[in-house]
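J.: Here it is, the structure in full.
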């Protein structure tokens, strides 16, 4: 039986999962969130809770991922608009 690694901050993971609807991609985005937060911790001003700051980074990362996925789709594969 394969065990999945524990997920840090389940609420954060769930929020990203609702945007992406892809557990593997969600894991990647959450990991990128922590990498970005670690890299930019000096920019955290303390005007909000750390969890709020992480949430914004995660949501922005998820939305960027959606935009990149959408932009990478060839136009021929887009559904035709029905008027």
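J.: Show the residue pairs that are 6+ apart or on different chains and have beta-carbon atoms under 6 Å apart, the first residue being within the range 1-28 and over 15 Å from residue 60 (Cβ atoms), the second being assigned to a loop (DSSP other than H, G, I, E, B) and at pLDDT 90 or above.
T.: none
J.: When you go through (1) surrounded by 12 or more Cβ atoms within 10 Å (Cβ to Cβ); (2) modelled with pLDDT under 95; (3) in contact with a helix residue (DSSP H, G or I) (Cβ under 8 Å, 6 or more places away or on another chain) one by one for residue 51, which number turns out not to apply?
T.: So residue 51 meets the others, but not (1).
J.: Something else now. How many of the residues making up the range 22-70 are part of a helix (DSSP H, G or I) and over 17 Å from residue 9 (Cα atoms)?
T.: Total satisfying the criteria: 12.
J.: Determine whether residue 81 is assigned to a loop (DSSP other than H, G, I, E, B), modelled with pLDDT under 95 and either touching a helix residue (DSSP H, G or I) at 6+ places or on another chain (Cβ under 9 Å) or loosely packed, with under 10 Cβ neighbours inside 10 Å (or both).
T.: yes
J.: Let me ask something else about it. Kindly indicate which of 31, 61 is touching a residue at least 12 places away in the same chain (Cβ under 8 Å) and either surrounded by fewer than 12 Cβ atoms within 10 Å (Cβ to Cβ) or out of contact with any strand residue (DSSP E or B) (no Cβ under 6 Å at 6 or more places or on another chain) (or both).
T.: Within the list 31, 61, the selection yields 61.
The values are calculated or read from the model by the stated rules, or taken from the named source; none is laboratory data. Not measured: the values here are computed from a predicted model. We place every Cβ from the backbone using ideal geometry, glycine too, and count neighbours over all the protein chains shown.
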